[in-house]
1. Compute the FRET efficiency between Val250 and Asp90 as 1/(1 + (r/R0)^6), taking r as their Cβ-Cβ distance and R0 = 25 Å, and round to the nearest 0.05.
2. Tell me, in nm to one decimal, what length is gained between Lys257 and His367 on full extension, where the rule is 0.36 nm per residue of separation less the Cα-Cα distance?
3. Enter the Cα centre distance for the pair the stretch 342-372 and the stretch 441-498, rounded to the nearest angstrom.
4. Length gain on complete extension for the stretch Glu521 to Asn211, per 0.36 nm per residue less the alpha carbon to alpha carbon distance?
5. Sorting check: for 259-271, 172-184, which peptide has the highest mean count of neighbouring beta carbons within 10 Å, and how do the rest follow?
6. Quick one: if you stick a label point 7 Å off each Cα along the C-beta vector at Asn237 and Asp277, how many nm between them?
7. Residues with amide H under 5 Å of Arg493's amide H, sequence separation 5 or more or different chain, H placed in the peptide plane at 1.01 Å from N; which?
8. Given labels modelled 7 Å from the Cα in the Cβ direction, how far is it in nm from Ser122 to Val10?
Amino acid sequence: MTLATICGIVIFMVIMGFFMVISLLGMVASDSASTKVKENSVFVLKLDGVIDERAEAGSPLDALLDMGDMSSMGLDDLISSIRKAKDNDDIKGIYLKGGVASFDSPATAQQLRDALKDFKKSGKWIVAYADQYMQGSYYVATVADKIYLNGEGMINFSGLGGKSEYMKGLYDKLGIKYQAAKVGKYKSYVERNTQTGMSEYDREQRTAYLNGIWNYWLKEMAEGRKVKPEDLNQLANDSIIMFADTKDYVKSKLIDKVMFPEEIKAEIKNRLKLDKDDEIPQLTLSDMLNVKTDKDEEGEKIAIYYAYGSIVDNEALDYMSGGGHNIVGKRTAEDLRKLADDDDVKAVVFRINSGGGSAVASEQIRHAVKLLKAKKPVVVSMGGAAASGGYWISSPANYIFAEPTTITGSIGIFGLIPNFSGLVTDKLGITFDGVTTNKFSDAEMNLVLAKDNAEEMKYLQGHVDRGYISFLNVVSEGRGMKPAQVDSIAQGRVWLATDAVKIKLVDKLGSLDDAVKKAAELAKVSDYYTTTYPSESSWMDTFFPKEKKGSYLDGELRMLLGELYEPLMEIRKTIKDGSRIQARMLDDIRVK
C-alpha cells in the first residue's frame, strides 16, 4: 500500500508537470503572437492602474485574468500603443475607461495627455467615462472629445498639493535624533527627520513649482473643455461646497453628460456605426503591445537608455529597497560603457526620471556619461524628475530636454545619520566602553551612539562641503557656466523645467521624441530607428526570479500604510543606504 501510494504521487506529479509545461508553452505562444486588429475597433485604455516610467514584467497569466491593465502600466507602453492606434486604419477611436490612476509625477500625466492629443490629429475620436475621476486622471481625460460620468459619480477637482510627514516628534519620544550635515538652504530632504514642519525655503520652492504645474494644467484643461483657466481655478476653490449633484458638473462644463454604463456602450456603438446587437471590437493595452507595425529597423541605431528610480550604490542595496525600481551606479555605468563601445549605436538618448540618491553612485554614472559623450552624442530626456543626483548624471550631456512639468535642479548635498544614544543609553541603559589605536577609530560608532560627537559631525560637514563644491564643478563643466553662477541657482533649490530653461539648467522643453530627433541631428544621421536599453525582464522572471525584490511583509505594509508607504520607505532607505553622502530631493510628487 505504501509503494502504491508513492507511485501514485509520483505519477500525479509527472502528469501535473506535463500539463504545466504545456500550459506555459501555450502562454508563451499567446504572449508572442501578434494581435489581429478587427475592422472598426476601439482601443480601451484604462485609467485605473499605477502609471510609472516603465512597467515591471508581468506574465501571460495576468492577461488571462485581465490583470495586466489594472496593476502597473509603463508610460513607454502607453505612448507606443497610442501611436499604433493613431496609425492603424482599423482603429477608429480611444475609450478612456475609469479615472483613478496614480501617476508617478505630474509630468507622467502630462506626457500621456500629449500623446492622446497627438492621436486626435489623425481625425479619430476620444471618449472618456468613469465612475470617479481623481485629479490626474481628469486632467488626462480633458483631452477627450466628450467626458461622461456615472450618475452617482464624482470628480476630485481641487488642485495639487498635500502634506508631508515630519517625524521629529516621534523620534524625540523614542530617544532618536537625526543629525544632518548639508549644503543648500533649499535642501529640504533632511527636514522631515530634523524638524516638525516645513522651512520657509522649502515652502517657497514647493509653492513655485506646484503653482507652475497647476497653471500649466489649468491652461490645457481649459483648452480641452473650452472654458477660461480662471473659471476652472475658481471651480477648484469651490469644489467642496459646489458639486452636491452630478448635474452640477455638467453646468460647470467639467463633463458633457451624466451616463450609466449601458448608455456609454450605446454611445461607442453609435460612433462605430454598429447595430444595437453588434459586439464592440475592443483592444486592451496588452493587445496593443502585440500589434505589429510595418516599421522596419532600417537606417542607423539610436539607443534610448532608461534610468529611473532612486540612485543606489550597488545591487545589494537595490535588493533591500523593498520593491520598486532603482538606478544601480555600477550596473548603469557598465551599461553605458557597453553602449560607448557598440559601433552600431550612433547616439544615445539618456532618459532620466529620478530624484537622486547616492552621491558616489551619481558620480560613477556621470563619469560613464562623459566617456560615452567622448565617442558619440548624448542627449538627455528628463521625465517626471531629474533632480539632485538625477541632475548630476544629466549635466555632461550634449543637450538636455525636459517636459514642461518636469522637476529638476536641486543641486545640493546632505548627510543624514540617526543617533540612538537617547534610546539605547538613556532609555535602555546600555553603555559603551573600549580602546582604540587612533582618535577617530570608532568615529562611525560615535556618530550613531555617542552623545558628544561634535568632532565627527564637523568632519562629516566638511565632507559634505567638498561634495557640494564637486557638484558645482560638475554642473559648471557640463553646462558651460562658472561655479559661482551655478551656486547662485543651486543651494538645493528645486526648479520647474519652464523656469530651468531660463537659467540654463535645461536647453529646451521637449518630449522624448524631440530628444531622439536631436540625437540623430548631432550624429548626422537622417535614417534611423531606436532600441531601448536596458532590456526589460522577461515574464519568466516572475516565475523564476533572479533576485528578491520585496516580500510578503512588504506587500502587507504597502496595503496597510497606503500613501504613507513611499515616504516611510524613503526613510528606511536612508538608514540602510551605505552611502553617507546623498544627492537627493524629497520624492513626494506622485499624483492621483
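The values are calculated or read from the model by the stated rules, or taken from the named source; none is laboratory data. Just so we're clear, the structure is a prediction, and the values are computed from it rather than from any experiment. Every residue, glycine as well, gets a Cβ built from its backbone with ideal geometry; the counts of neighbours run over all protein chains shown. Ligands, DNA and RNA are stripped out before the accessible areas are found, and what is left, the full protein with its side chains, is counted by its heavy atoms. Shrake-Rupley method; radii C 1.70, N 1.55, O 1.52, S 1.80 Å.
1. Working from the Cβ atoms, E equals 0.15.
2. Here the segment from Lys257 to His367 would lengthen by 34.1 nm.
3. For the stretch 342-372 versus the stretch 441-498, the Cα centre distance is 21 Å.
4. Full-extension gain reported as 108.1 nm.
5. 172-184, 259-271
6. Here the modelled spin labels are 5.7 nm apart.
7. Tyr186, Ser410, Ile411
8. For the pair Ser122/Val10, the computed spacing is 5.8 nm.
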